[in-house]
Structure formats: C-alpha cells, structure tokens
Amino acid sequence: MPSIKAIVTNAPDGGVSVKTINTDISSYKVLISPIYTGVCGTDRGIVSSSLKFAYNPEGSDYLVLGHESICEVVDSKVPEFKAGDLVVPVVRRPGDCVNCKIGRQDNCSDGKKHEAGITGMHGFMQEIFTEDPEFLVKVEDKTLKEVGVLTEPLKNVLKAFEVFETVSKRAVFHGEDSTVLDKNVVVIGTGCEAFLYTMMARELGFRSMMINRHPLSHKIEKIFDDLGLRFVNYAEDPDEPFSSGIDLLIDTSGDPTTVFNFLRKVNYNGVVILFGTNGRAPDGSFTGADIDYVVERNITIAGSVDAAKKHYLQAIEYLTKWHCSYGEKLENVITAKFPPENTAIFTSKQKDELKSVIEWK
Ligand code: NAP
C-alpha cells in the first residue's frame, strides 16, 4: 500500500495538516491524480469547525479535504478514459432516495448522500486516488488544465439557473420581445461564485451586476473590468442597483440583512435564489411588511445547492467557450497557486483572492 501526501482535517472538529496516508490502489477502474485543487469557503468552514454537518468517512479519524479539482488520469482499465486525460470528479455520491437513484443526488431527499471532502467521503486533496468512471467528467480541451478547476463551482451556478428556469415559469418572466435583455440580475457578493453567476447571467442575455458593501481591490476590479463585468459598491452608491428594480436576485453572501434589504427591490414575479451560506452572519429581521411584499408580488424565494453530472458537462462547455473568448483574462481568475504544505490558506481568505488553488504537479 503506497504512502501518499494528503491534506486532512478531523471533521467536524476542524484543523488542517499535511499527512502521509496509506492508500489502497491495488484494484481500480480509473486511477487519477490532481493537477489543481481549489480552496473555497466550505473548506475554510470545515477547517474552522463552523460547518458542523461535515464528518469523517466511517471508521476514519480524519477526512481528506478537497472538492474542487482538475485531475489527470494516471491509468485506466475502462475504455472511456486513458492515461493523460483531464477529468473532473463529481463531488456528491448518491444515497438510496428516489432523487439519488436518478442521478440527482444534488436534490437528495433524505440527506444520506456523501460529498467528497465534506461529508463521509475523502476528498481530492491527495496525491493519487481511484475513481469509478460513472463519477468522472472528461475535459476534452487540454488548454483548460488550469481554469478547469472552476468546473465544480460553475456547475453550482448552472443548477441554480435551472432552478430559476423552473420557478420563473409560474408567470411570464421574459419581456415582450421574448428575451431577458431588459431583465436585471443582481448578484450579492464578489467572490468566485458571484463572479461565475455574473458571467453566466450575461451569457444568458440578462443585464447583470455584482454588488458589495465596500470597494474592490485594484487587482479584482481589473479582472472584472477586463471581462466586461459590472460592479457596484452599494455603500457608496445606494441608489444602485438598477432603478428599474431587480428581476433575479442571487445571494452568495449568506447575510440575511443584506438579502432582505435587496429583496425589497425585487419586481413583480421576480425570483430570489439563496446560494451563500454563512452560519456566522448576524441575524436579520423579516417583517410582516416584507411578507406582504413577497406575497403581493408573487416573488419566489428558492434555495439551490450543488448540481448534477449534466451541470458539470455544461460547465465544461461554457469554460471552453469563455477560455477561447477571453484566454488569459479568464486565467487571471485563479489569483494564487500554493504548494500543498501551505495550509495557512485554509485559515483565512487571501488578499485579492478570487480563486486560490493548490498545485499538485
Ligand atoms: P466567498 O468568496 O466567501 O464569497 C462570499 C462573498 O459575499 C464575498 O465576496 C463577500 O465579500 C460577500 N459578502 C459578504 N457579506 C456581504 C454583504 N453584506 N454584502 C455584499 N457582499 C457580501 O465564497 P464563494 O466561494 O464565492 O462562495 C459563496 C458562498 O456560496 C459561500 O457562502 C459558500 O459557502 C456558498 N456555497 C454554496 C454552494 C451551494 O451549493 N449552495 C456551493 C458552494 C459554495 P467580502 O469577502 O468582501 O466580505
């Protein structure tokens, strides 16, 4: 049994270290190793012990972290994959419920699914691991070797737009010209997920902007400007966003006060997608007048978590297209690369961070 390097925590107690673990790779269908693994708020929440739903695999006193990745096939015993292929492993693995049985473990109905690097299954921050081909998505374009690490966070966005499509059918959402060109999307937050939501909103034809309560650093502002994305600091410019109201409000902050403030700007038949989670955010208040506002305007408030394999495939298609259109401007979204030994990146967000990654090769 080879000894390999892995980045581990002890969920839900937290902590982070680089550990040498023994891994059994004697029998496999596909053997893979990570090229880059992304670090996100969920990893930091597990490490700081604020995400109490995280837990170690059964019988293990540690959890290998990592759910965002772009990997390379080392060896394959199935025809669908060959050594050198770029792949992204699916994070959620099905339990026994009806949604899990149809490949929609993102909509698991009893909570018995597992998530790599989060709940009951080792993640991808380890030098080599085995995979079932069913849970691998191939990245054909080898130039996505770096930005392919955004597949996992982007697949969440595609699922959320699927949720939007479903709930917006309750009334006519499109304009009289059959488009969404005059519909306003406001994304609360300016992190990686907010960035991907705004890219996608524009791709779908919406007018869109990201908002935050402070200015952006020059570095992040330039990344957004280069990609033609709009940002508003609502603390400085309180009349924004959009005097014509918000048709689709997407929250990546998890901050209830901010969500409820902007919810009051949502138009008739508008949709609010709750995506960000922040158990440490201060409580907000939702009043009777707020309930009247939501009811009288037929506003739909929907939560959205994770995504299905089909959303990974769509995410790769969009990343391929965007990389072709924007090249280096898209690559700049990966704002820093670190060796596995630099575990300090799990304890606080880096300055000027959009996406920090761990470089394995
Ligand atoms: P992130 O970089 O931490 O993004 C959160 C963003 O919200 C930051 O830009 C933050 O700004 C901003 N923010 C916080 N309070 C705000 C406020 N009051 N007004 C405006 N903006 C505010 O994390 P991420 O990786 O993009 O992920 C976004 C969220 O989605 C996280 O909560 C994460 O846990 C969650 N998530 C959900 C799913 C899902 O399936 N539902 C999947 C992945 C991640 P500052 O940094 O300046 O404070």
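The values are calculated or read from the model by the stated rules, or taken from the named source; none is laboratory data. It should be emphasised that the depicted structure is a prediction, and the values quoted were computed from it without experimental measurement. Backbone-built Cβ (ideal geometry, glycine too); neighbour counts: all protein chains shown. With ligands, DNA and RNA removed, areas are computed over all heavy atoms of the protein, side chains included. Shrake-Rupley method; radii C 1.70, N 1.55, O 1.52, S 1.80 Å.
Side notes on the structure shown:
- Spatially near lysine pairs across the stretch 156-303, Cα under 25 Å, sequence gap of 8 or more or different chains: 6
- Table column - 3J(HN,Hα) (Hz), the stretch 111-116, Karplus curve with 6.51, -1.76, 1.60, x for Gly and Pro: x, 8, 6, 10, 10, 4
- Dipole magnitude of the chain, debye to nearest 20 (Cβ charges: Lys/Arg +1, Asp/Glu -1, about Cα centre): 320 debye
- Percent of C-alpha pairs per 10 Å bin in the chain, short distances first: 5, 23, 34, 25, 10, 3, 0.
- Each Lys and Arg contributes +1 and each Asp and Glu -1, all at the Cβ; summed about the Cα centre of the stretch 256-318, the dipole is approximately 160 debye.
- Carbon + sulfur, % of accessible area of the stretch 14-53 - ligands and nucleic acids excluded, 1.4 Å: 49 percent
- Computed on the chain, with alpha-carbon pairs under 8 angstrom and 6+ residues apart, the relative contact order is 18 percent.
- Stretched out straight at 0.36 nm per residue, the stretch from Asn278 to Glu359 would grow longer than its current Cα-Cα span by 26.4 nm.
- Burial ranking of peptide ranges 313-324, 34-45, 289-300 (average Cβ count within 10 Å, highest at the top): 34-45, 313-324, 289-300
- Cβ-placed point charges (K, R +1; D, E -1), dipole of the stretch 156-303 about Cα centre in debye, nearest 20: 260 debye
- Dividing the summed helix terms, -39500 (n - 2.57) for each DSSP H run of n ≥ 4, by the number of residues in the chain produces a 222 nm estimate of -7000 deg cm²/dmol to the nearest 500.
- Residue separation of Ala235 and Leu313 scaled by 0.36 nm, minus their Cα-Cα distance, works out to 24.3 nm of gained length.
- Per residue, the accessible area of the chain comes to 44 Å², computed with a 1.4 Å probe over protein heavy atoms only.
- Contact order relative to length of the stretch 156-303, as percent, for alpha carbon pairs under 8 angstrom and 6 or more apart: 22 percent
- Using the Cβ-Cβ distance between Asn342 and Thr179 with R0 = 41 Å, the FRET efficiency computed as 1/(1 + (r/R0)^6) comes to roughly 0.30.
- Positive contributions from Lys and Arg (+1) and negative ones from Asp and Glu (-1), summed over other residues with Cβ under 13 Å from the Cβ of Ser253, come out at -1.
- Farthest positive-ward along the chain dipole, Cα basis, beta-carbon charges - from Ser253, Ile223, Ser50: Ser50
- Set of the stretch 299-343 residues, backbone N closer than 11 Å to the point 7 Å along the Cα-Cβ line of Glu80: none
- Pairwise Cα distances in the stretch 156-303 exceed 25 Å in 23 percent of cases.
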